[in-house]
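What follows is calculated from the coordinates using simple rules that are stated; it is not laboratory data. Note that the structure is a prediction, hence the values are computed from the model and not measured. Heads up, the Cβs are rebuilt from the backbone with ideal geometry, glycines too, and the neighbour counts pull from every protein chain shown.
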Amino acid sequence: MHDIYAWQQAIWQKLTQKRQWRGHALLLKGKQGIGKFQFARHFAKALLCTAPTTEQTACGKCLSCGWFEQQAHPNFFQIIPEALAAGSSDSGEKEDSEEKSNSAATKKNASKQISIEQIRKLTEFVYMTGHQNGYKIILIHPAESMNSAAANALLKKLEEPPADVLFLLVTHQAQHLLPTIRSRCQQIAMPIPDVQSSIDWLKQQRVSDPETSLAAASFSPLAALAFEQGGHAAQHDQFIQQIGNPSRLDPLALAEAMQPVNLSLVVSWLQKWCYDLVSYRTTGRNRYYLKQLAAIQALSGQIDLPECITFTRALNSKQKLSHHPLNPRLFLEELLIAYRVLMNRR
Ligand SMILES: [Zn+2]
């Protein structure tokens with residue numbers, strides 16, 4: 001496991017050295033791609049470590065640390081959607097960014113939800129005799145991917161917490177969790193790195209054009225890195241090139257070409273693109289697609305501004321729906337057709 005990110009040092013100290021947490025459930029919340037999941041794993045590993053350092057990090061040498069690194073710790077239980085697990089050759093280093101999970105999407109039938117069966121397995125974990133004494137830690141990521149049956153099953157466990165069990169829930173969208181689950185957890189807002197820290201970090205990772213990558217990844221450094229490291233750069237470029245030229249846009253062909261990519265990710269590209277069109281038209285500045293300034297300048301001068309704003313807002317609700325579409329291809333086709341109509345109406 002890598003080190004704790006620079007932007008997480010303060011929260012790390014608060015939680016570990018100062019022990020500023022209580023209860024049996026923590027909810028680590030914050031935007032995607034800022035390293036929440038990695039932080040939760042560090043935290044779990046450190047709590048389980050039998051010889052933690054003075055900074056309260058895991059020693060990396062004891063038996064417990066060895067088990068943890070081999071994904072075999074008897075007191076640690078991790079629940080993630082099948083699709084995330086399938087996409088990860090090494091779940092220990094799994095990104096909490098959407099981009100990396102896309103490789104899992106190619107495994108078509110892998111579920112993106114956490115099921116009630118996965119939550120039920122907790123019972124066995126909790127009540128079987130764990131290794132020695134001390135904590136048993138349950139990590140659930142991302143918590144909003146629990147379907148309603150799973151969420152209700154978890155709620156029961158949170159309501160009657162077994163002794164010496166710590167739940168670590170990680171979420172990108174705390175508002176999508178049951179309020180009753182949220183209220184049973186100590187909520188921890190995970191820090192978002194500022195732009196300069198993100199760029200510094202991306203430079204350390206040898207990303208060649210960190211400013212551009214970061215903006216295109218909605219200012220999530222991990223998402224920017226995952227994207228650089230091969231996620232779906234080709235599809236992304238194809239997508240932006242086509243929607244940047246709406247008179248020649250072929251929605252059906254483009255939707256077909258985007259099949260290997262996670263639908264929510266594609267919708268986020270369109271959201272950012274439309275945001276840039278509106279932003280450039282109203283403020284003379286674009287935020288995300290810095291390299292496509294010329295295309296954005298040209299298009300934004302031609303759009304019907306109120307309609308484009310309405311469409312951009314509608315995309316926000318489409319983004320929520322895109323996590324569980326009945327038919328992903330149809331979903332995207334319809335969006336792209338609506339986009340083309342909007343752009344060619346002028
Ligand atoms: Zn250790």
Taking placed amide H atoms and a strict 5 Å upper bound, the residues 5 or more places from Met146 or on another chain that come that close are Ile114
Karplus ³J(HN,Hα) for the stretch 50-67 (6.51 cos²θ - 1.76 cosθ + 1.60, θ = phi - 60°; Hz, whole; x = Gly/Pro) runs 8, 9, x, 6, 5, 7, 6, 8, 5, 6, x, 10, 6, 4, 4, 4, x, 4
Per 10 angstrom bin, beginning at 0 and ending with the bin that holds the maximum distance, the Cα pairs of the stretch 124-192 fall in percents of 18, 52, 25, 5
List every residue whose amide H lies under 5 Å from the amide H of Phe76, counting only residues 5 or more places away in sequence or on a different chain, with H placed 1.01 Å from N in the peptide plane.
-> Ile137
Computed over the chain: longest principal axis from alpha-carbon atoms vs helix 36-48 long axis, angle to nearest 10 degrees, is 10
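Counting Lys and Arg as +1 and Asp and Glu as -1, what is the net charge of the other residues whose Cβ lies under 11 Å from the Cβ of Pro193? Don't skip to the end; give the middle numbers.
On the way: positive: Lys31; negative: Asp194, Asp200.
Computed value for this residue: -1.
With a 10 Å radius around each residue's Cβ, average the other Cβ atoms per peptide and rank 22-34, 155-167, highest first. List each step's numbers first, then the result.
Numbers: 22-34: 20.1, 155-167: 14.8.
Ranked from most to least packed, the peptides come out as 22-34, 155-167.
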Determine ³J(HN,Hα), in whole Hz, for all residues of the stretch 142-159 in sequence, where each value follows from phi through the Karplus function 6.51 cos²θ - 1.76 cosθ + 1.60 and θ = phi - 60°; x replaces Gly and Pro.
-> x, 4, 6, 7, 5, 6, 5, 5, 5, 4, 5, 5, 5, 4, 4, 5, 6, 6
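Kirkwood Rh over alpha-carbon pairs of the chain, then Stokes-Einstein at 10 °C and 1.306 mPa s: what D in µm² s⁻¹, rounded to an integer? Mind showing how you got there, number by number?
Working: Rh = 21.5 Å.
In µm²/s, the coefficient is 74.
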What are the semi-axes of the equivalent ellipsoid for the stretch 134-263, taken as the square roots of 5 times the Cα gyration tensor eigenvalues, largest first, in whole Å?
-> 37, 22, 12
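Looking at the P(r) of the stretch 232-344, how many percent of alpha-carbon pairs lie beyond 20 Å? Could the numbers behind the result be given before it?
Values: 2199 of 6328 pairs.
Counting pairs separated by more than 20 Å, the tail of P(r) holds 35 percent.
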Whole-angstrom gap from the stretch 28-71 to the stretch 231-273, using each part's C-alpha centre = 37
Report ³J(HN,Hα) in whole Hz for each residue of the stretch 256-267, in order, from the Karplus equation J = 6.51 cos²θ - 1.76 cosθ + 1.60 where θ = phi - 60°; Gly and Pro get x.
-> 4, 5, 8, 4, x, 9, 3, 4, 4, 5, 4, 4
